[in-house]
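Colleague: First, the structure itself, so that you have it in front of you.
Taken together, the values in this text are just the output of simple stated rules run on the coordinates, not laboratory data. Predicted model only: the values in this text are computed from it and were never measured. Methodologically, a virtual Cβ is constructed for each residue, glycine included, from the backbone with ideal geometry; neighbour enumeration extends over all protein chains shown.
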Amino acid sequence: MVKLVLWTVISMITLDAGINRSFGTLENGLKPSQLTRYFDYGRSTESKLLRIIGSENANAANIAKAGWYQPVLNVVGVNAKPQVYMYGMSFSNHIGQIIAQETEDFGVQLYAGPGAPLNHSYAYYLRHRPYHKKGDVVILGILASSIPHINTMAHMTSSFEAPATHLYPRYSLDSNDDLIEKKISIYSLNEFREAMQNKERWLSVKNRLSVGDSFYNDVVFSADFADKSTYLSVFRRAWAAKQQQNTTNKYHDHKGFKNTDRMIEVTQKLVSEFALKARQDGVVPMVILFNNRGFGDHLFSILKSVLTKRKIPYYSTHHNFPSTQLSNFLPDGHFKPEVDHLIALAVMKKINKFRQEKRYEGSL
């Protein structure tokens, strides 16, 4: 019996080492097999980050470059067109690209991050605020599924299988209901790479995430001996999925969003502050609510009151393209191109209407 157990253990270790050697490591510049990708999904977040950042930006993976703040395209000259600035994620980028093709009345500038939550978009807007001019339109795209991630400070804590590197602030409310910003001061992939290569600084980053990011979990984040085992990586992948779902459940269920950590109040405050600041600058504020699969009209429900009270121009996809109608969506979760086109036309119509009405004048 002892021999049987011993040979079983030896066989498992040998098989584990063989699989790991044959399929277990992704390398930049090579097209990985499906099995290699499968086993890599269970590697720690740190392990994935070390691979995707590369030795320099030239050989970094595209996802490592995504989401970092980019400088605004400053439009100057007496004949310069008004600009539409859109801050969001792939959903908002799809709409902006169509609008740019459909009109020559104004320019369209798109700034986004992978699955970017509202706090990322709001911080991006603030960074560009000095460049917005009277009569421009500034749009925040808000994705329903990213609302729980308003409690994060980085994409890498809430996306275990395909983490990006960019960081952004997390906002909370003080006793006077004013916004408090907590952030890690790393603003580029170069700075991020330098931080990872400095043991003391990287430990500080992880400590900040463990305290300030509700989705951070050291078991799935930190690299350890399990990264060398395909068996343990598969188990970690399952654990990570469970942990992420458990955290999401604190903020959302089938009934809608919960006010855990005052999340709903923070969301409402960010939208309200965005519109207030935009109008102070003579800019038209607008919000697009993307109600994606599994979220019904939950996003609209938590923002309806502030949009109405503050008279903030908005477009919500749940009216014409409900998330419960699966024919509106592609298998990857995005809207179908024909739906994107109809949304873009409706948004463009609203933009023209709001600009003509000078919605940027006055206060909230």
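Colleague: Exceeding 32 Å between C-alpha atoms, which entries from my cross-link table qualify? They are Lys133/Lys250; Lys81/Lys258; Lys65/Lys228; Lys134/Lys258; Lys183/Lys336. Could the numbers behind the result be given before it?
Modeller: Details: Lys133/Lys250 40 Å; Lys81/Lys258 42 Å; Lys65/Lys228 26 Å; Lys134/Lys258 37 Å; Lys183/Lys336 35 Å.
Going by Cα-Cα distance, Lys133/Lys250; Lys81/Lys258; Lys134/Lys258; Lys183/Lys336 fall outside the 32 Å limit.
Colleague: Taking Cα atoms, how many degrees apart are the long axis of helix 263-280 and the longest axis of the chain, rounded to 10 and kept between 0 and 90?
Modeller: Between the helix axis and the principal axis of the chain, the angle is about 40 degrees.
Colleague: So what's the range 115-185 giving for Cα Rg divided by 2.2 N^0.38 Å, two decimals?
Modeller: So the range 115-185 has a normalised radius of gyration of 1.21.
Colleague: Between their Cα atoms, which of Lys277/Lys350; Lys255/Lys277; Lys242/Lys304; Lys255/Lys309 are more than 28 Å away from each other? Walk me through the numbers before you get to the answer.
Modeller: Working: Lys277/Lys350 20 Å; Lys255/Lys277 32 Å; Lys242/Lys304 32 Å; Lys255/Lys309 24 Å.
Too far apart for the 28 Å limit: Lys255/Lys277; Lys242/Lys304.
Colleague: Moving to a separate point now. How far is it, in nm, from the label point at Ser175 to the one at Ala241 when both lie 7 Å from their Cα along the line to the Cβ?
Modeller: The two pseudo-label positions are separated by 4.6 nm.
Colleague: Rounded to the nearest 500, what is the 222 nm mean residue ellipticity of the chain from helices alone, with -39500 (n - 2.57) per DSSP H run of 4+ residues and division by all residues? Don't skip to the end; give the middle numbers.
Modeller: On the way: 13 runs with 163 residues, N = 364.
Only helices count here, giving -14000 deg cm²/dmol.
Colleague: Beta carbons within 10 angstrom, averaged per residue: use that to sort the peptides 238-247, 142-151, highest first. Don't jump to the answer; show the numbers that get you there.
Modeller: On the way: 238-247: 14.5, 142-151: 25.4.
Packing proxy ranking, top to bottom: 142-151, 238-247.
Colleague: Based on DSSP, what percent of beta bridges with both residues in the chain are antiparallel, to the nearest 5? Write down the numbers at each step before the final one.
Modeller: Numbers: 8 of 28 bridges.
Here the share of antiparallel DSSP bridges comes out near 30 percent.
Colleague: Mind ordering 157-170, 254-267 by average Cβ neighbours within 10 Å, highest first?
Modeller: Working: 157-170: 21.9, 254-267: 15.8.
Going by the mean number of other Cβ atoms within 10 Å, highest first, we get 157-170, 254-267.
Colleague: Sticking with this structure for a sec: Output the relative contact order of the range 181-314, whole-number percent, from Cα pairs under 8 angstrom with separation of 6+ residues.
Modeller: Working: 74 pairs, mean separation 19.5, N = 134.
Relative contact order for the range 181-314 comes out at 15 percent.
Colleague: A follow-up question, please. Starting from the Cα coordinates of the range 215-364, work out the convex hull volume and express it per residue in Å³. Write out the running numbers ahead of the final one.
Modeller: On the way: hull volume 23.2 nm³, N = 150.
Looking at the range 215-364, the number lands at 155 Å³ per residue.
Colleague: By how many degrees, between 0 and 90 and to the nearest 10, does the Cα long axis of helix 199-212 differ from the longest principal axis of the chain?
Modeller: Compared with the principal axis, the helix lies near 60 degrees.
Colleague: Out of the range 271-364, which GluC sites (Glu not before Pro) are coil in DSSP terms and have no more than 10 other C-beta atoms within 10 Å?
Modeller: Numbers: sites: Glu273, Glu338, Glu357, Glu361; in loops: Glu357, Glu361.
Passing both the DSSP loop test and the Cβ count: Glu361.
Colleague: Specify the angular offset, from 0 to 90 degrees and rounded to the nearest 10, of the alpha carbon long axis of helix 298-309 from the longest principal axis of the alpha carbons in the chain.
Modeller: With rounding to tens, the tilt is 30 degrees.
Colleague: Over all directions, how big on average is the projection of the convex hull of the alpha-carbon atoms in the chain, in square nanometres?
Modeller: Details: hull surface 87.5 nm².
Averaged projected hull area, Cα only: 21.9 nm².
Colleague: Which whole-number percent gives the relative contact order of the chain, counting Cα pairs below 8 Å spaced six or more residues apart? Don't jump to the answer; show the numbers that get you there.
Modeller: Numbers: 591 pairs, mean separation 70.5, N = 364.
Relative contact order of the chain: 19 percent.
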